[in-house]
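Colleague: One structure is given below, represented as C-alpha coordinates, and several questions about it will come after.
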Amino acid sequence: MKKEGRMKWWTEAKFGMFIHWGLYSLLGRGEWTMLVERIPKDEYAKLASEFNPPESFTPETWVKAAKEAGAKYMVLTARHHDGFCLFDSKASDFTSAKTAAKRDFVREYVKACRKHNMHAGLYYSLLDWRFPGYFNREKHPESFKAMVNQVHAQVRELMTNYGKIDILWYDGGWIPGTDAKKDTPVLWKSKKLNGMVRKLQPHIIINNRSGLPEDTDTPEQNTNASEAGRYWESCMTMGDFCGWGYIKNNPNMKPVTQLIQNLVTCASNGGNYLLNIGPKADGSIRREEILRLKGIGNWLKKNGEAVYGTVRLPAGFGFWGAGMLGMATTKGNNAYLHIFRWPGNTAVITGIKSKVLSARMLSGGKNLKIKQQEGKLTITGLPSRPPDKHGTVIALKLKGRPETFDYSQIPLP
Ligand code: GLC
(Lines give C-alpha, C1' and ligand atoms only; values in the text may rest on other atoms or scores of the structure.)
Protein backbone atom coordinates (compact mmCIF):
# COMPACT_ATOMS: atom_id res chain seq x y z
CA MET A 1 0.00 0.00 0.00
CA LYS A 2 1.28 3.48 -0.91
CA LYS A 3 2.63 5.59 1.91
CA GLU A 4 0.26 8.58 1.51
CA GLY A 5 -2.72 6.25 1.62
CA ARG A 6 -1.43 4.41 4.67
CA MET A 7 -0.63 7.63 6.51
CA LYS A 8 -3.88 9.46 5.82
CA TRP A 9 -5.85 8.51 8.93
CA TRP A 10 -2.75 8.99 11.09
CA THR A 11 -1.94 12.53 9.91
CA GLU A 12 -5.55 13.52 10.43
CA ALA A 13 -5.68 11.93 13.88
CA LYS A 14 -3.10 14.28 15.45
CA PHE A 15 -3.54 12.92 18.95
CA GLY A 16 -2.78 9.48 20.37
CA MET A 17 -2.47 7.90 23.81
CA PHE A 18 0.59 5.92 24.82
CA ILE A 19 0.40 3.32 27.62
CA HIS A 20 3.37 1.96 29.54
CA TRP A 21 2.24 -0.97 31.64
CA GLY A 22 4.01 -4.09 32.82
CA LEU A 23 5.70 -5.72 35.81
CA TYR A 24 7.46 -2.47 36.63
CA SER A 25 4.05 -0.94 37.37
CA LEU A 26 4.08 -3.02 40.57
CA LEU A 27 7.21 -1.26 41.82
CA GLY A 28 6.02 2.26 41.09
CA ARG A 29 9.42 3.64 40.17
CA GLY A 30 9.23 3.63 36.39
CA GLU A 31 9.86 1.13 33.61
CA TRP A 32 13.67 1.16 33.86
CA THR A 33 13.75 -0.13 37.45
CA MET A 34 15.15 -3.58 36.62
CA LEU A 35 18.26 -2.16 35.01
CA VAL A 36 18.70 0.97 37.09
CA GLU A 37 18.45 -0.93 40.39
CA ARG A 38 20.34 -3.91 38.93
CA ILE A 39 17.65 -6.36 40.00
CA PRO A 40 18.82 -9.86 39.02
CA LYS A 41 16.60 -11.27 36.34
CA ASP A 42 15.34 -14.24 38.40
CA GLU A 43 14.40 -11.98 41.23
CA TYR A 44 12.67 -9.55 38.88
CA ALA A 45 10.83 -12.46 37.28
CA LYS A 46 9.13 -13.19 40.60
CA LEU A 47 7.07 -10.06 40.08
CA ALA A 48 5.10 -11.99 37.46
CA SER A 49 3.40 -13.96 40.25
CA GLU A 50 2.06 -10.68 41.66
CA PHE A 51 1.03 -9.20 38.34
CA ASN A 52 -2.61 -10.17 38.42
CA PRO A 53 -5.08 -7.34 37.90
CA PRO A 54 -8.63 -8.03 39.10
CA GLU A 55 -11.05 -9.53 36.64
CA SER A 56 -13.08 -6.37 36.84
CA PHE A 57 -10.26 -4.60 35.01
CA THR A 58 -10.21 -4.80 31.25
CA PRO A 59 -8.24 -2.65 28.80
CA GLU A 60 -11.57 -1.21 27.72
CA THR A 61 -11.06 1.18 30.65
CA TRP A 62 -8.04 2.62 28.83
CA VAL A 63 -9.80 2.82 25.51
CA LYS A 64 -12.70 4.71 27.08
CA ALA A 65 -10.28 7.12 28.75
CA ALA A 66 -8.50 7.69 25.44
CA LYS A 67 -11.81 8.35 23.74
CA GLU A 68 -12.78 10.84 26.39
CA ALA A 69 -9.46 12.60 25.91
CA GLY A 70 -10.14 12.91 22.20
CA ALA A 71 -7.29 10.58 21.22
CA LYS A 72 -7.76 8.79 17.91
CA TYR A 73 -5.25 6.01 18.41
CA MET A 74 -3.41 4.18 21.12
CA VAL A 75 -0.05 2.49 21.54
CA LEU A 76 0.40 -0.16 24.24
CA THR A 77 3.70 -1.63 25.44
CA ALA A 78 3.29 -5.22 24.29
CA ARG A 79 6.78 -5.82 25.66
CA HIS A 80 9.20 -3.37 27.23
CA HIS A 81 12.96 -3.68 27.85
CA ASP A 82 12.41 -6.06 30.81
CA GLY A 83 11.20 -8.73 28.40
CA PHE A 84 7.81 -9.35 30.04
CA CYS A 85 5.16 -9.86 27.37
CA LEU A 86 1.58 -8.73 27.75
CA PHE A 87 0.72 -11.36 25.14
CA ASP A 88 0.91 -15.10 24.71
CA SER A 89 4.14 -16.07 23.02
CA LYS A 90 5.63 -19.33 21.88
CA ALA A 91 9.04 -17.70 21.99
CA SER A 92 8.96 -16.94 25.73
CA ASP A 93 7.42 -18.14 28.99
CA PHE A 94 7.82 -14.72 30.55
CA THR A 95 4.35 -13.53 29.63
CA SER A 96 1.14 -12.47 31.31
CA ALA A 97 -0.58 -15.40 29.61
CA LYS A 98 1.67 -17.99 31.26
CA THR A 99 2.02 -16.43 34.72
CA ALA A 100 -0.38 -15.35 37.47
CA ALA A 101 -2.75 -13.27 35.39
CA LYS A 102 -3.20 -15.96 32.76
CA ARG A 103 -4.42 -13.27 30.39
CA ASP A 104 -3.39 -12.07 26.96
CA PHE A 105 -3.73 -8.34 27.49
CA VAL A 106 -2.74 -7.51 23.94
CA ARG A 107 -5.69 -9.55 22.71
CA GLU A 108 -8.05 -7.82 25.17
CA TYR A 109 -6.67 -4.41 24.26
CA VAL A 110 -6.96 -4.88 20.51
CA LYS A 111 -10.50 -6.18 20.93
CA ALA A 112 -11.48 -3.17 23.05
CA CYS A 113 -9.92 -0.79 20.50
CA ARG A 114 -11.94 -2.37 17.70
CA LYS A 115 -15.12 -2.16 19.75
CA HIS A 116 -14.65 1.59 20.17
CA ASN A 117 -13.37 2.33 16.71
CA MET A 118 -9.95 3.24 18.06
CA HIS A 119 -6.81 2.65 16.01
CA ALA A 120 -4.63 0.10 17.80
CA GLY A 121 -0.86 0.40 17.99
CA LEU A 122 1.67 -1.87 19.67
CA TYR A 123 4.96 -0.82 21.19
CA TYR A 124 7.65 -3.47 21.09
CA SER A 125 11.16 -3.18 22.54
CA LEU A 126 13.81 -4.88 20.45
CA LEU A 127 16.26 -5.11 23.31
CA ASP A 128 15.64 -7.43 26.24
CA TRP A 129 17.72 -6.95 29.40
CA ARG A 130 17.40 -10.63 30.30
CA PHE A 131 19.87 -11.60 27.59
CA PRO A 132 23.55 -11.25 28.60
CA GLY A 133 24.31 -11.09 24.88
CA TYR A 134 22.56 -7.74 24.73
CA PHE A 135 25.18 -6.19 27.02
CA ASN A 136 28.14 -8.08 25.60
CA ARG A 137 27.80 -9.49 22.14
CA GLU A 138 31.40 -10.71 21.88
CA LYS A 139 31.26 -12.66 25.11
CA HIS A 140 27.78 -14.13 24.60
CA PRO A 141 27.23 -14.41 20.86
CA GLU A 142 24.65 -17.21 21.21
CA SER A 143 22.60 -15.17 23.63
CA PHE A 144 22.66 -12.19 21.28
CA LYS A 145 21.49 -14.40 18.45
CA ALA A 146 18.71 -15.85 20.59
CA MET A 147 17.53 -12.34 21.45
CA VAL A 148 17.36 -11.34 17.78
CA ASN A 149 15.50 -14.55 16.98
CA GLN A 150 13.06 -13.78 19.76
CA VAL A 151 12.38 -10.38 18.18
CA HIS A 152 11.60 -11.87 14.79
CA ALA A 153 9.41 -14.60 16.29
CA GLN A 154 7.48 -12.27 18.58
CA VAL A 155 6.95 -9.54 16.04
CA ARG A 156 5.59 -12.22 13.73
CA GLU A 157 3.20 -13.34 16.50
CA LEU A 158 2.02 -9.80 17.14
CA MET A 159 1.47 -9.22 13.44
CA THR A 160 -0.34 -12.55 12.96
CA ASN A 161 -2.45 -13.34 16.00
CA TYR A 162 -4.49 -10.21 16.63
CA GLY A 163 -6.04 -9.17 13.35
CA LYS A 164 -5.38 -5.71 12.03
CA ILE A 165 -2.72 -3.72 13.87
CA ASP A 166 -2.48 -0.08 12.87
CA ILE A 167 0.92 0.91 14.25
CA LEU A 168 4.11 -0.93 15.14
CA TRP A 169 6.02 1.27 17.53
CA TYR A 170 9.54 -0.08 17.97
CA ASP A 171 11.86 1.02 20.73
CA GLY A 172 15.12 -0.10 22.30
CA GLY A 173 17.11 -0.50 19.12
CA TRP A 174 20.32 0.80 20.67
CA ILE A 175 23.01 -1.77 21.44
CA PRO A 176 25.95 -0.98 23.75
CA GLY A 177 29.22 -0.32 21.97
CA THR A 178 27.72 0.04 18.50
CA ASP A 179 27.07 2.86 16.08
CA ALA A 180 23.34 3.55 16.37
CA LYS A 181 22.94 4.72 12.78
CA LYS A 182 25.06 2.13 11.06
CA ASP A 183 24.82 -0.99 13.19
CA THR A 184 21.29 -0.96 14.61
CA PRO A 185 19.43 -2.05 11.45
CA VAL A 186 22.11 -4.59 10.63
CA LEU A 187 22.21 -6.26 14.04
CA TRP A 188 18.42 -6.52 14.39
CA LYS A 189 18.03 -7.48 10.72
CA SER A 190 15.49 -4.71 10.52
CA LYS A 191 15.02 -4.78 6.77
CA LYS A 192 13.99 -8.40 6.85
CA LEU A 193 11.91 -7.83 9.98
CA ASN A 194 9.96 -4.92 8.56
CA GLY A 195 9.57 -6.66 5.23
CA MET A 196 7.83 -9.47 7.08
CA VAL A 197 5.68 -6.97 9.00
CA ARG A 198 4.53 -5.22 5.84
CA LYS A 199 3.64 -8.50 4.23
CA LEU A 200 1.48 -9.48 7.18
CA GLN A 201 0.00 -6.00 7.74
CA PRO A 202 0.19 -4.07 4.46
CA HIS A 203 -1.47 -0.91 5.80
CA ILE A 204 0.63 -0.70 8.99
CA ILE A 205 2.58 2.37 10.11
CA ILE A 206 6.08 1.65 11.43
CA ASN A 207 8.18 4.12 13.38
CA ASN A 208 11.88 4.83 12.95
CA ARG A 209 13.25 3.05 15.99
CA SER A 210 14.39 -0.19 14.38
CA GLY A 211 17.19 1.90 12.91
CA LEU A 212 15.50 2.41 9.55
CA PRO A 213 13.56 5.58 8.70
CA GLU A 214 10.33 3.72 7.81
CA ASP A 215 7.20 5.91 8.24
CA THR A 216 7.49 8.16 11.27
CA ASP A 217 10.06 10.08 13.28
CA THR A 218 9.68 9.95 17.04
CA PRO A 219 11.04 12.99 18.89
CA GLU A 220 10.91 12.12 22.58
CA GLN A 221 9.93 14.58 25.30
CA ASN A 222 10.08 17.51 22.89
CA THR A 223 7.93 18.89 20.11
CA ASN A 224 10.67 19.61 17.58
CA ALA A 225 9.35 19.13 14.07
CA SER A 226 11.08 16.94 11.50
CA GLU A 227 11.89 18.49 8.15
CA ALA A 228 8.89 18.96 5.84
CA GLY A 229 8.00 15.77 4.06
CA ARG A 230 8.72 13.50 7.04
CA TYR A 231 5.87 12.29 9.21
CA TRP A 232 6.59 12.85 12.87
CA GLU A 233 5.09 12.26 16.26
CA SER A 234 6.21 13.67 19.57
CA CYS A 235 5.89 11.23 22.47
CA MET A 236 5.77 12.67 25.95
CA THR A 237 5.10 11.83 29.58
CA MET A 238 2.66 13.82 31.68
CA GLY A 239 5.05 13.83 34.59
CA ASP A 240 8.81 14.24 34.74
CA PHE A 241 11.12 13.53 31.83
CA CYS A 242 12.13 10.29 33.45
CA GLY A 243 9.53 7.61 33.82
CA TRP A 244 6.87 6.28 31.46
CA GLY A 245 5.66 3.41 33.63
CA TYR A 246 3.71 4.08 36.85
CA ILE A 247 5.65 6.23 39.29
CA LYS A 248 4.06 6.30 42.69
CA ASN A 249 5.41 9.64 43.77
CA ASN A 250 5.17 11.77 40.71
CA PRO A 251 3.87 15.18 41.69
CA ASN A 252 5.37 17.20 38.85
CA MET A 253 2.63 16.76 36.27
CA LYS A 254 2.21 19.13 33.36
CA PRO A 255 -0.93 21.25 33.58
CA VAL A 256 -3.73 20.70 31.04
CA THR A 257 -2.95 24.00 29.33
CA GLN A 258 0.62 22.95 28.72
CA LEU A 259 -0.44 19.58 27.31
CA ILE A 260 -2.88 21.34 24.98
CA GLN A 261 -0.17 23.76 23.89
CA ASN A 262 2.10 20.82 23.10
CA LEU A 263 -0.63 19.21 21.02
CA VAL A 264 -1.19 22.46 19.14
CA THR A 265 2.56 22.94 18.61
CA CYS A 266 2.72 19.50 17.00
CA ALA A 267 -0.37 20.13 14.87
CA SER A 268 0.89 23.49 13.69
CA ASN A 269 4.03 21.81 12.34
CA GLY A 270 2.24 18.84 10.83
CA GLY A 271 3.09 16.42 13.64
CA ASN A 272 1.18 14.20 16.04
CA TYR A 273 1.23 14.17 19.82
CA LEU A 274 1.44 10.82 21.62
CA LEU A 275 0.74 11.45 25.27
CA ASN A 276 1.65 8.77 27.77
CA ILE A 277 -0.09 7.37 30.81
CA GLY A 278 1.39 4.81 33.20
CA PRO A 279 -1.48 2.86 34.76
CA LYS A 280 -1.06 1.14 38.12
CA ALA A 281 -0.37 -2.60 38.20
CA ASP A 282 -4.10 -3.28 38.68
CA GLY A 283 -4.74 -1.49 35.39
CA SER A 284 -6.40 1.55 36.91
CA ILE A 285 -5.45 5.03 35.77
CA ARG A 286 -4.39 7.44 38.48
CA ARG A 287 -6.60 10.42 39.20
CA GLU A 288 -4.01 12.99 38.08
CA GLU A 289 -3.92 11.40 34.65
CA ILE A 290 -7.68 11.00 34.38
CA LEU A 291 -8.18 14.69 35.17
CA ARG A 292 -5.71 15.71 32.48
CA LEU A 293 -7.18 13.39 29.88
CA LYS A 294 -10.64 14.77 30.62
CA GLY A 295 -9.35 18.34 30.50
CA ILE A 296 -7.86 17.84 27.05
CA GLY A 297 -10.98 16.00 25.88
CA ASN A 298 -13.29 18.79 27.01
CA TRP A 299 -11.17 21.35 25.23
CA LEU A 300 -11.08 19.25 22.05
CA LYS A 301 -14.86 18.88 22.10
CA LYS A 302 -15.12 22.62 21.49
CA ASN A 303 -11.92 23.18 19.56
CA GLY A 304 -11.21 19.91 17.78
CA GLU A 305 -11.92 21.50 14.42
CA ALA A 306 -8.67 23.44 14.88
CA VAL A 307 -6.63 20.29 15.56
CA TYR A 308 -7.95 17.18 13.78
CA GLY A 309 -7.15 17.07 10.09
CA THR A 310 -4.96 20.17 10.20
CA VAL A 311 -1.80 20.29 8.11
CA ARG A 312 1.65 21.79 8.50
CA LEU A 313 1.63 25.57 8.26
CA PRO A 314 3.85 27.30 5.76
CA ALA A 315 7.07 28.45 7.40
CA GLY A 316 6.51 31.75 9.12
CA PHE A 317 2.78 31.45 9.61
CA GLY A 318 3.20 29.24 12.61
CA PHE A 319 4.99 32.05 14.33
CA TRP A 320 3.46 35.21 12.92
CA GLY A 321 0.02 33.69 12.40
CA ALA A 322 -1.01 34.38 15.96
CA GLY A 323 1.74 36.81 16.81
CA MET A 324 2.62 37.09 20.45
CA LEU A 325 -0.78 35.76 21.49
CA GLY A 326 -0.39 32.09 20.75
CA MET A 327 -0.08 29.70 17.85
CA ALA A 328 -1.84 28.87 14.62
CA THR A 329 -3.00 25.76 12.78
CA THR A 330 -4.58 25.37 9.36
CA LYS A 331 -6.93 23.23 7.36
CA GLY A 332 -8.08 24.06 3.83
CA ASN A 333 -8.73 27.78 3.59
CA ASN A 334 -8.99 28.22 7.33
CA ALA A 335 -6.43 29.45 9.77
CA TYR A 336 -7.04 28.84 13.44
CA LEU A 337 -5.56 31.26 15.91
CA HIS A 338 -5.00 29.57 19.26
CA ILE A 339 -4.96 32.45 21.68
CA PHE A 340 -3.14 31.29 24.78
CA ARG A 341 -2.35 34.78 26.05
CA TRP A 342 -5.65 36.59 25.92
CA PRO A 343 -5.24 40.25 24.91
CA GLY A 344 -8.59 41.61 26.18
CA ASN A 345 -11.24 43.14 23.89
CA THR A 346 -9.00 43.62 20.87
CA ALA A 347 -6.47 41.33 19.24
CA VAL A 348 -3.90 42.73 16.82
CA ILE A 349 -2.09 40.26 14.65
CA THR A 350 0.48 41.15 12.04
CA GLY A 351 1.87 39.11 9.23
CA ILE A 352 -1.14 37.41 7.65
CA LYS A 353 -0.90 38.07 3.94
CA SER A 354 -4.01 36.11 2.90
CA LYS A 355 -7.26 38.07 2.75
CA VAL A 356 -9.30 37.29 5.86
CA LEU A 357 -12.98 36.92 4.98
CA SER A 358 -14.42 36.30 8.42
CA ALA A 359 -13.54 35.43 12.00
CA ARG A 360 -15.43 33.27 14.45
CA MET A 361 -14.74 32.05 17.94
CA LEU A 362 -14.94 28.27 18.20
CA SER A 363 -16.07 28.36 21.83
CA GLY A 364 -19.64 29.66 21.54
CA GLY A 365 -19.45 30.26 17.78
CA LYS A 366 -19.59 34.06 18.00
CA ASN A 367 -18.76 35.94 14.79
CA LEU A 368 -16.16 38.66 15.30
CA LYS A 369 -15.48 42.04 13.71
CA ILE A 370 -12.29 42.28 11.68
CA LYS A 371 -10.27 44.97 9.97
CA GLN A 372 -7.28 44.13 7.77
CA GLN A 373 -4.85 46.80 6.64
CA GLU A 374 -1.22 46.72 5.56
CA GLY A 375 -0.49 43.35 7.03
CA LYS A 376 -2.28 44.14 10.26
CA LEU A 377 -5.38 42.26 11.30
CA THR A 378 -7.45 43.78 14.08
CA ILE A 379 -10.14 41.70 15.70
CA THR A 380 -12.54 43.62 17.92
CA GLY A 381 -15.49 42.86 20.15
CA LEU A 382 -13.74 40.13 22.08
CA PRO A 383 -14.78 39.46 25.66
CA SER A 384 -12.39 40.91 28.20
CA ARG A 385 -11.78 37.49 29.76
CA PRO A 386 -10.79 34.44 27.65
CA PRO A 387 -13.87 32.29 27.00
CA ASP A 388 -11.76 29.16 27.26
CA LYS A 389 -9.19 29.11 30.04
CA HIS A 390 -6.86 26.68 28.23
CA GLY A 391 -6.81 28.50 24.92
CA THR A 392 -9.50 30.18 22.87
CA VAL A 393 -9.53 29.48 19.17
CA ILE A 394 -10.47 32.06 16.57
CA ALA A 395 -11.20 30.52 13.20
CA LEU A 396 -10.35 32.75 10.24
CA LYS A 397 -11.85 32.04 6.88
CA LEU A 398 -9.28 33.03 4.27
CA LYS A 399 -9.34 33.66 0.59
CA GLY A 400 -7.03 30.83 -0.40
CA ARG A 401 -4.41 29.07 1.65
CA PRO A 402 -2.68 30.80 4.56
CA GLU A 403 0.21 32.95 3.52
CA THR A 404 2.44 35.26 5.52
CA PHE A 405 4.32 38.38 4.74
CA ASP A 406 7.99 38.45 4.98
CA TYR A 407 8.04 40.36 8.25
CA SER A 408 10.31 43.04 6.86
CA GLN A 409 7.55 44.01 4.42
CA ILE A 410 5.18 45.14 7.16
CA PRO A 411 5.33 48.88 7.70
CA LEU A 412 7.25 49.79 10.84
CA PRO A 413 5.59 51.90 13.51
C1 GLC B 1 12.76 5.52 25.82
C2 GLC B 1 12.79 4.65 27.03
C3 GLC B 1 11.56 3.96 27.28
C4 GLC B 1 10.28 4.56 26.78
C5 GLC B 1 10.44 5.23 25.47
C6 GLC B 1 9.22 5.98 25.00
O7 GLC B 1 13.31 4.99 24.72
O8 GLC B 1 13.83 3.71 27.02
O9 GLC B 1 11.46 3.55 28.58
O10 GLC B 1 9.45 3.51 26.59
O11 GLC B 1 11.50 6.03 25.48
O12 GLC B 1 9.49 6.71 23.88
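Colleague: Only one residue in 33, 77 is more than 28 Å from residue 114 (Cβ to Cβ), polar (S, T, N, Q) and within 16 Å of the ligand (Cβ to nearest atom), so which one is that?
Modeller: Numbers: 77 fails: more than 28 Å from residue 114 (Cβ to Cβ).
The unique qualifying residue is 33.
Colleague: Can you tell me how many residues in region 202-226 are under 18 Å from residue 164 (Cα atoms) and either modelled with pLDDT under 95 or not in a loop (DSSP other than H, G, I, E, B) (or both)? Please lay out each step first, then the result.
Modeller: Of all residues in region 202-226, those under 18 Å from residue 164 (Cα atoms) come to 202-207, 215.
With the extra rule that they be either modelled with pLDDT under 95 or not in a loop (DSSP other than H, G, I, E, B) (or both), the set shrinks to 205-207.
Residues that pass the stated criteria total 3.
Colleague: Can you name every residue in region 354-408 that is under 22 Å from residue 256 (Cβ atoms) and not in a loop (DSSP other than H, G, I, E, B)?
Modeller: 361, 392, 393, 394, 395
Colleague: Do the conditions hold for residue 106, that is, is it within 19 Å of residue 49 (Cα to Cα) and open to solvent by less than 50 Å² (accessible area, probe 1.4 Å)? It would help to see each step written out before you state the result.
Modeller: Numbers: within 19 Å of residue 49 (Cα to Cα): yes; open to solvent by less than 50 Å² (accessible area, probe 1.4 Å): yes.
Considered against the rule, which asks whether it is within 19 Å of residue 49 (Cα to Cα) and open to solvent by less than 50 Å² (accessible area, probe 1.4 Å), residue 106 comes out as yes.
Colleague: Same structure, new question: Cβ contacts < 6 Å: first residue free of Cβ contacts under 8 Å to residues at least 24 places away in the same chain and outside the structural domain of residue 31 (by TED's automatic domain parsing), restricted to region 268-289; second residue assigned to a helix (DSSP H, G or I) and of a type outside the set (S, T, N, Q), any location; separation 6+ or different chain. Result?
Modeller: none
Colleague: Out of region 80-113, which residues are among the small types (Gly, Ala, Ser) and within 16 Å of the ligand (Cβ to nearest atom)?
Modeller: Of the residues in region 80-113, the ones among the small types (Gly, Ala, Ser) are 83, 89, 91-92, 96-97, 100-101, 112.
83, the sole residue that qualifies.
Colleague: Restricting to region 158-201, name every residue that is of a type outside the set (A, V, I, L, M, F, W, C), in contact with a strand residue (DSSP E or B) (Cβ under 7 Å, 6 or more places away or on another chain) and part of a loop (DSSP other than H, G, I, E, B). Show your work before the answer.
Modeller: Restricting attention to region 158-201, the residues satisfying the condition of being of a type outside the set (A, V, I, L, M, F, W, C) are 160-164, 166, 170-173, 176-179, 181-185, 189-192, 194-195, 198-199, 201.
Okay, now just the ones that are also in contact with a strand residue (DSSP E or B) (Cβ under 7 Å, 6 or more places away or on another chain), so 166, 170-172, 194.
If the condition is that a residue be of a type outside the set (A, V, I, L, M, F, W, C), in contact with a strand residue (DSSP E or B) (Cβ under 7 Å, 6 or more places away or on another chain) and part of a loop (DSSP other than H, G, I, E, B), then 166, 172 are the ones that fit.
Colleague: Return the residues of region 334-354 that are modelled with pLDDT under 95, closer than 12 Å to residue 401 by Cα and surrounded by fewer than 23 Cβ atoms within 10 Å (Cβ to Cβ); say none if nothing qualifies.
Modeller: 353, 354
Colleague: Here's another thing I want to ask about it. Tell me, yes or no, whether region 23-30 has at least one residue that is within 22 Å of the chain's Cα centre (by Cα), touching a residue at least 24 places away in the same chain (Cβ under 8 Å), in a helix (DSSP H, G or I) and within 16 Å of the ligand (Cβ to nearest atom).
Modeller: There is at least one residue in region 23-30 that is within 22 Å of the chain's Cα centre (by Cα), touching a residue at least 24 places away in the same chain (Cβ under 8 Å), in a helix (DSSP H, G or I) and within 16 Å of the ligand (Cβ to nearest atom).
Colleague: While we're looking at this one, here's another question. Residues of region 227-263 being in a loop (DSSP other than H, G, I, E, B) and touching a strand residue (DSSP E or B) at 6+ places or on another chain (Cβ under 6 Å), which ones?
Modeller: From region 227-263, those in a loop (DSSP other than H, G, I, E, B) are 227-230, 237-246, 248-255; that's our starting set.
The answer is 230, 237, 244.
Colleague: For the subset of region 36-59 comprising residues that are charged (D, E, K, R) and part of a loop (DSSP other than H, G, I, E, B), which member is farthest from the ligand (Cβ to nearest atom)? Quick ask: steps written out before the conclusion?
Modeller: Kept after step one, since they are charged (D, E, K, R), are these residues of region 36-59: 37-38, 41-43, 46, 50, 55.
In the following step, the residues that additionally are part of a loop (DSSP other than H, G, I, E, B) were identified as 37-38, 50, 55.
Values: 37: 15, 38: 17, 50: 21, 55: 28 Å.
Ranking the candidates gives 55 first.
Colleague: Shifting gears a bit: Does region 202-213 hold any residues that are more than 12 Å from residue 171 (Cα to Cα) and either crowded, with 21+ Cβ neighbours inside 10 Å or within 13 Å of the ligand (Cβ to nearest atom) (or both), and which are they?
Modeller: The answer is 204, 205.
Colleague: Ok, one more. If you take the residues in region 383-413 that are at pLDDT below 95 and of a type in the set (A, V, I, L, M, F, W, C), which one is nearest to the chain's Cα centre (by Cα)?
Modeller: My answer is 405.
Colleague: Under 8 Å by Cβ, and 6 or more places apart or on different chains, what pairs join a residue from region 131-153 that is within 23 Å of residue 38 (Cβ to Cβ) and in the same structural domain as residue 198 (by TED's automatic domain parsing) with one that is β-branched (Val, Ile, Thr) and modelled with pLDDT of 95 or more?
Modeller: Close Cβ pairs (under 8 Å, with a partner that is β-branched (Val, Ile, Thr) and modelled with pLDDT of 95 or more) amount to 134/175; 137/175.
The values are calculated or read from the model by the stated rules, or taken from the named source; none is laboratory data. Please read all numbers here as calculations on a predicted model, not as lab measurements. Note: ideal-geometry Cβ built from the backbone for every residue, glycine included; neighbour counts use all protein chains shown. With ligands, DNA and RNA removed, areas are computed over all heavy atoms of the protein, side chains included. Shrake-Rupley method; radii C 1.70, N 1.55, O 1.52, S 1.80 Å.
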